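Let me begin by presenting the structure, written as structure tokens, before commenting on it.
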Protein chains: 2
Amino acid sequence: MSPKITTELLKQLRQVMKSPKYVQEPVQAYIVPSGDAHQSEYIAPCDCRRAFISGFDGSAGTAIVTEQHAAMWTDGRYFLQAAHQMDNNWTLMKMGLKDTPTQEDWLVSVLPEGSKVGVDPFIIPADQWKRMSKALRSAGHDLVPVKENLIDTIWADCPQRPCKPLITLDLSYTGVSWRDKIVALRSKMAERKVLWFVVTALDEVAWLFNLRGSDVEYNPVFFAYAVIGMNTIRLFIDGDRMMDPAVREHLQLDSTLEPEFKIQVMPYGSILSELQAVAAGLSPKEKVWISDKASYALTEAIPKAYRYLTPYTPICIAKAVKNASETEGMRRAHIKDAVALCELFNWLEKEVPKGTVTEIIAADKAEEFRSQQKDFVELSFATISSTGPNGAIIHYKPVPETNRTLSVNEIYLLDSGAQYKDGTTDVTRTMHFGTPSAYEKECFTYVLKGHIAVSAAIFPNGTKGHLLDSFARSALWDCGLDYLHGTGHGVGSFLNVHEGPCGISYKTFADEPLEAGMIVSDEPGYYEDGSFGIRIENVVLVIPAETKYNFKNRGSLTFEPLTLVPIQTKMIDINLLTQKERNWVNDYHQKCREVIGAELERQGRHEALRWLIQETEPLISVQ
Amino acid sequence: MSPKITTELLKQLRQVMKSPKYVQEPVQAYIVPSGDAHQSEYIAPCDCRRAFISGFDGSAGTAIVTEQHAAMWTDGRYFLQAAHQMDNNWTLMKMGLKDTPTQEDWLVSVLPEGSKVGVDPFIIPADQWKRMSKALRSAGHDLVPVKENLIDTIWADCPQRPCKPLITLDLSYTGVSWRDKIVALRSKMAERKVLWFVVTALDEVAWLFNLRGSDVEYNPVFFAYAVIGMNTIRLFIDGDRMMDPAVREHLQLDSTLEPEFKIQVMPYGSILSELQAVAAGLSPKEKVWISDKASYALTEAIPKAYRYLTPYTPICIAKAVKNASETEGMRRAHIKDAVALCELFNWLEKEVPKGTVTEIIAADKAEEFRSQQKDFVELSFATISSTGPNGAIIHYKPVPETNRTLSVNEIYLLDSGAQYKDGTTDVTRTMHFGTPSAYEKECFTYVLKGHIAVSAAIFPNGTKGHLLDSFARSALWDCGLDYLHGTGHGVGSFLNVHEGPCGISYKTFADEPLEAGMIVSDEPGYYEDGSFGIRIENVVLVIPAETKYNFKNRGSLTFEPLTLVPIQTKMIDINLLTQKERNWVNDYHQKCREVIGAELERQGRHEALRWLIQETEPLISVQ
């Protein structure tokens, strides 16, 4: 990996930072955040502005360029990568280390008195703007919005913003029509006494209209905003995709509809002026609901007195609770996904000993098997296919420079998933194709105990996911071990593989309580730098639990695994499991055998079926 | 309980709300919060202003009086009590219920345009002021500080502010001299580049100077503030207690000292003017450190640019980590406390069947036995002595109206503790003096399993207590049961029985990580309204744990019980315990027998010793 040479680019950027064509007054610093205008986790190539200006293309990082300096803030996952990808024009600011200044402190220390700091108001979230603006102002500087994105002005071969065709989802997939979703949203708006709702997150727009896209890799979303009033629906979207007859039919664009369900289609770029027009028409006490994570530009378009901000929108919360059709779809998707993985693991068992399978080949093979399944759309994230020491790199993605050959001597960790039209999957299995050491088995078994502790947990209605995180760690903690990531995240239904507002993590974040119908991952792990990585991940559905008693009539919840892929028993030290845990493993494998076995049979995949049967033999105590 | 008649009092209050003698401009509403000027949990009689004006004397509540209305906000623990204690002049605002307005919303709904709302700036914490002031301002009203407390002006027989003699603690109790504590504090101040530190919490003043008092019942503190500079120490305290030769000697008031250790004693009431003088002398970048929970009056005395606010002060954090002398003192205190409880429970076993022991008699007897122990000072909180249905009232305190007779047919719950000069105790035991039902035993055993799960937990250095809370609930959750309070709180060393900054709770609060030397309670419970209450509470010390491995060299922690009082085995359903849990109970009882047995022997308390031996017989499996 050689660093990107950025001398000329930085020179150009510093010129436009002073050019009256783009800025009212010269800015002495320009901030280039990671995100897009929708605060997406995954972004399109045209939004990779920070990577363009610096060369550093990790998923998290903020660049700041001043007349003299160029600095990049990123976290521990990316210190090495950023150092490799950036040339000497750049100073790496290692976040999380004690001596690393914050962006604000650094700016204050390098800027001449009374400086202006520019940023694209569509990219910076309102809460970040507020914090930074306050810090700069108290030091005598100003944070100013620069309307035209300055990176775009110097990015000659900037890719076009994607504008791919849309997929319409009918009721059999979504369970609820977009009209009924609008009705439910308006009733939430009425409850809170707000007149308008602004949809800014891409997955929320997609969910609301029962549409999917492919503008962003791995995430079936499309670039759009929506503004919902009590009697109006405005959808801001570009391209000729609204000309597609299926889409027109789906949205009933050409039907005679009650006016409150008539969708006005407007250009993507007109959201700001339309929102300003909406705000201008408000009288006192009329409020506009917008996420507190929305961009500064959109938030600012609504005068403060009219803003109704919440951390989670009603769409985010409704989207998290899957209805019966979505749940059934997720079940189907996970059955197909398990079929593909049985095929893969059966293939690996045969091929790995030959020494010809690399991490990249294994990942490609996984994709090949998945793509054979009905309604397969694409992967749900970049496959983590890692063996030996690469397994200890938690966000590893094999590239030719690091690509390692699978062998019978090393642990193999595969974290992968796909988008099917009926659901999204995300599964991690850790395998050994030879004979694992006692220590590897010991660590694997602690991770398995943690996985089971969460999966089998019973907890009251109203419990937040973060209260379950320690269950996943207890067995590891007992032996002085741990893992440095959260235990679970929400999973979308043919939508983003990471979604809010629930999760299972030791980090205290404002998660919403778990409720029946929510879907999260359960993925404890253990990683030994330079040696191996272990992770066992299922996607699980929150379901009501039957309990002996029912305190305060609150009701209880538990999880049902949707992922049905064998957990390699060869890696288990059975003596470390309690009887209850052994029963859990046996019951789980029995279910894999029944459900996935039937599907393998149906698909005529007899070799994979034999593999499944062999891998789901009950654990037998050897004590 | 008949309500307090407040018609005349409210009339008087409404008069002074308009009197130019007390207010610059009439105030249309006056807020009477619960607290004192130090944001203490327990307050002195002279600070019970809200109880005086309303009759309601629960521990939490805020009164607001307008020209037309008088309203009281309190939480679910006190709905009944408040309703009984207040007359019809008052409207009860049930906090936590959906339709109950916040104080701000209510004020906005009842006040005439452009109103002034008054409050004593010494009683309201700065963060509450900020929130309320903002809400009122945005509705066109003003929150204004009223210097003279208006309740005091109409409280004819207001008790004097207590000013009791001080106790000096020598090195054998504190382990660190006050001089060394000042040195350590100044080094923390230097680290954060602050020049002054304001000590506002009573237990922090007491801890810093190795002094104790008895101005507030159950809390060995005294009314005082301190302001520590890099070269000056100012102690604000009233009365002739500074004339006490022991105190003068302890503080070296008459010695020739380096100037930076010379304590200037000033009147308690001069804190505000002195702080204002300090602030007036500051140049830019010179900061004053004060808790963000300090009163509005003191916070406001420091211009915003000079304030350095933190949720926990360095004293709060240092105080929480007990040194070897404090730990040894806590051990001694808990041994003495266990002796007293063995005497009590032995006595109860004999007396309860006679039908002559009431909750109050049992509580008094507990105090009597404790007071026989060396260095006993007072109780550490009002004894919760409750039998049968009273046990389900979590903050119960027996009074003649509710006083119930202990019997062989009901569960008895005793939550009690004491202040000894060497330490503070807090212990809960739940007993049956006849034959418990299978269901009572079942519930008790789940609570015990939770208690053990926390007590025996091993967790990495740096773990926050709230991550352990679910361990205490898991066995209850499995059967659909739970309890509606936190699992543990920090405990002071001959100081407040509740102290920050650590704790074990499902409520997400900004707790500091647990570290070796911290002391917390472990007290899960189960309560069945109208029937019984169960709680098992030990005070436990955080200690380093030996583990098989040591991930990232972080080290691990666990707990050591300081409380050594038998847990009634009659209440245990042994079949519900794992072998590990049985071993824990047996090991714990073995330790009780050894440590407390030796002390009972030494004190010649042979009957209690026989009781101890009998109660600490090992559990024998009956399966």
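Read the figures in this text as sums done on the coordinates, not as results from a lab. Here the structure is a predicted model, which is why all the values come from computation and not from measurement. Cβ placement follows ideal geometry from the backbone for every residue including glycine, while neighbour counts extend to all protein chains displayed.
Summary table below
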item: Shortest-first nm distances, B:PRO618 label point to equivalent points in other copies (7 Å, Cα→Cβ); result: 3.4
item: Rounded to 10°, Cα long-axis angle of helix A:178-191 versus longest principal axis of chain A; result: 70 degrees
item: Normalised convex hull volume, region B:483-529, alpha-carbon set, Å³ per residue; result: 83 Å³
item: Peptide-level mean, for A:451-461, of C-beta atoms on other protein chains within 10 Å; result: 2
item: Relative compactness, region B:6-154, computed as alpha-carbon Rg over 2.2 N^0.38 Å; result: 0.96
item: Geometric extent, Cα atoms of the protein assembly as shown - Rg, Dmax (angstrom); result: 33.3, 96
item: For residues of B:546-552, the mean tally of beta carbons on other chains within 10 Å; result: 6
item: Computed FRET value (nearest 0.05) for B:ASN583 with B:ASP87, which takes r as the C-beta separation and R₀ as 51 Å; result: 0.30
item: Label spacing, shortest first and in nm, from A:ALA280 to its equivalents in the remaining copies (7 angstrom along Cα→Cβ); result: 5.3
item: Rounded if a/c under 1.5, otherwise prolate or oblate - region A:149-270, Cα gyration tensor axes; result: prolate
item: Low-density loop cleavage sites - GluC sites (Glu not before Pro) in region B:313-399, where at most 16 other Cβ are within 10 Å (DSSP); result: none
item: Candidates per GluC sites (Glu not before Pro) in region A:397-502, loop by DSSP, up to 12 other Cβ within 10 Å; result: A:GLU401
item: Degrees, to the nearest 10: A:606-615 long Cα axis against longest axis of chain A; result: 80 degrees
item: DSSP loop trypsin sites (Lys or Arg not before Pro) with at most 11 other Cβ within 10 Å: longest gap in chain B; result: B:375-506
item: From the C-alpha gyration tensor of region A:273-381, square roots of 5λ in Å; result: 50, 17, 11
item: Per-copy distances of the A:VAL399 label point, shortest first, in nm (7 angstrom along Cα→Cβ); result: 7.2
item: Isotropically averaged projected area of region A:342-385, using the convex hull of Cα atoms (one quarter of hull area), nm²; result: 3.2 nm²
item: Within region B:182-266, GluC sites (Glu not before Pro) in DSSP loop having at most 15 other beta-carbon neighbours inside 10 Å; result: B:GLU217
item: Normalised alpha carbon radius of gyration of region A:45-115 [divisor 2.2 N^0.38 Å]; result: 1.10
item: Number of partner chain Cβ atoms within 10 Å, mean per residue of A:467-473; result: 4
item: Taking N as its residue count, the alpha carbon Rg of region B:321-615 over 2.2 N^0.38 Å; result: 0.95
item: Chain B - convex hull of the alpha-carbon atoms, volume per residue in Å³; result: 175 Å³
